[in-house]
Amino acid sequence: MTLLAINALCKNFGGLKALSDVSFAVERGSIHGLMGANGAGKTTLFSIIAGNAKPTSGRVFFDGDPIQGRRPDTICRLGIARTFQIVRPFPGLSVRRNVETAILYGRQEHVGTADAEREADRILAEIGLADAADKPASTLTLSGRKRLEVARALGTGPKLLMLDEVMAGLTPTEVTEMMQTIRRVKEANDLTVLIIEHVVSALSDLSDRITVLHHGVKIAEGTAREIAENKDVQSAYFGEDDDAGLDDDV
Ligand SMILES: Nc1ncnc2c1ncn2[C@@H]1O[C@H](COP(=O)(O)OP(=O)(O)O)[C@@H](O)[C@H]1O
Ligand SMILES: [Mg+2]
């Protein structure tokens, strides 16, 4: 069953077509990968789904209802949470408070402060940040900040979790750990995951299906194996000398 449907989505920035007539569906309970070189339009797509940007045309359906153009806080309360490529914690607040804030302000239902604290600690344990709960967010390493970004998204109680390059800049060991974490939180919280990831091997490993964007156009969709064998994908990635940036496999 489809949880998220992207329907003929277009986004222009002046003369630049960041997204051109993009359509695909994300199955409930799946991990759906979004692949493409820098500038392909991946983050723009996330921004439109999450309400941080309005599409030029086209529609986004969540649980069967059109949501395009709605406010980010409304979309968040409907059950869609995203992480940002540039992580955005409140640096002065403790790690726990960062997650509590997401719980208190990101959910449809009212949550009391005691419950929010308990829920924050549950999420921090799940994400592997329990030991850092009392530290200021600013003291976290890059890997820690990426985890906190995921924890804050989880705090809003999503059905759909959208992860934007949460493994970028991590060591191979940290990438492996992050993949395990993503699988664990997905199962524990009954989530559907839409994930953008530069590390192709990690994306292929995690994803049930992958959609590939190239210069704002969907050029392929399928299982990791189908994508690896796809001629259009091969020429888009390896047939151009424009720093597609996808050769940093680990
Ligand atoms: N707010 C914006 N204003 C103008 N151009 C933008 C804006 N956001 C993104 N773009 C452009 O849209 C294209 C797609 O960007 P983006 O969605 O960030 O790609 P990706 O996440 O796949 O690297 C790029 O050419 C980028 O420069
Ligand atoms: Mg991006």
## Note on the structure
The number of residues in the range 65-93 that are in contact (Cβ under 8 Å) with a residue 60 or more places away in the chain and acidic (Asp, Glu) is 0
### Message
Cβ contacts < 7 Å: first residue under 9 Å from His214 (Cα atoms), restricted to the range 28-45; second residue within 10 Å of ligand 2 (Cβ to nearest atom), any location; separation 6+ or different chain. Result?
### Response
Gly36/Lys42
### Message
Suppose the filter is within 18 Å of the chain's Cα centre (by Cα) and either within 16 Å of ligand 1 (Cβ to nearest atom) or of a type outside the set (Val, Ile, Thr) (or both); does Ile219 pass it?
### Response
no
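Considering only the range 68-75, I want to know if a residue exists there that is of a type in the set (A, V, I, L, M) and within 30 Å of Ala236 (Cβ to Cβ).
Among the residues of the range 68-75, not one is of a type in the set (A, V, I, L, M) and within 30 Å of Ala236 (Cβ to Cβ), which makes the answer no.
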### Query
Failed condition for Pro89, given (1) crowded, with 20+ Cβ neighbours inside 10 Å; (2) part of a helix (DSSP H, G or I), with all others met?
(2)
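Are any residues in the range 23-75 near ligand 1 (Cβ under 9 Å from one of its atoms) and either in contact with a helix residue (DSSP H, G or I) (Cβ under 8 Å, 6 or more places away or on another chain) or more than 17 Å from Glu197 (Cα to Cα) (or both), and if so, which ones?
Pass one, the range 23-75, residues near ligand 1 (Cβ under 9 Å from one of its atoms): 34, 36-47, 53.
Once the filter is applied, which keeps residues that are near ligand 1 (Cβ under 9 Å from one of its atoms) and either in contact with a helix residue (DSSP H, G or I) (Cβ under 8 Å, 6 or more places away or on another chain) or more than 17 Å from Glu197 (Cα to Cα) (or both), the range 23-75 yields Leu34, Gly36, Ala37, Ala53.
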## Note on the structure
Note on Ile6: of the conditions (1) touching a strand residue (DSSP E or B) at 6+ places or on another chain (Cβ under 7 Å); (2) more than 16 Å from ligand 2 (Cβ to nearest atom); (3) under 21 Å from Ile196 (Cβ atoms); (4) at pLDDT below 95, unmet is (4)
#### Entry: Residue selected from the range 7-32 under the condition part of a strand (DSSP E or B) and polar (S, T, N, Q), by the criterion surrounded by the most Cβ atoms within 10 Å (Cβ to Cβ)
Ser20
### Summary
For Ala188, the lone unmet condition from (1) more than 16 Å from ligand 2 (Cβ to nearest atom); (2) open to solvent by less than 30 Å² (accessible area, probe 1.4 Å) is (2)
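The values are calculated or read from the model by the stated rules, or taken from the named source; none is laboratory data. Here the structure is a predicted model, which means the values were calculated and not measured. Backbone-built Cβ (ideal geometry, glycine too); neighbour counts: all protein chains shown. Heads up: the accessible areas ignore ligands, DNA and RNA and are worked out on the full protein's heavy atoms, side chains in. Shrake-Rupley method; radii C 1.70, N 1.55, O 1.52, S 1.80 Å.
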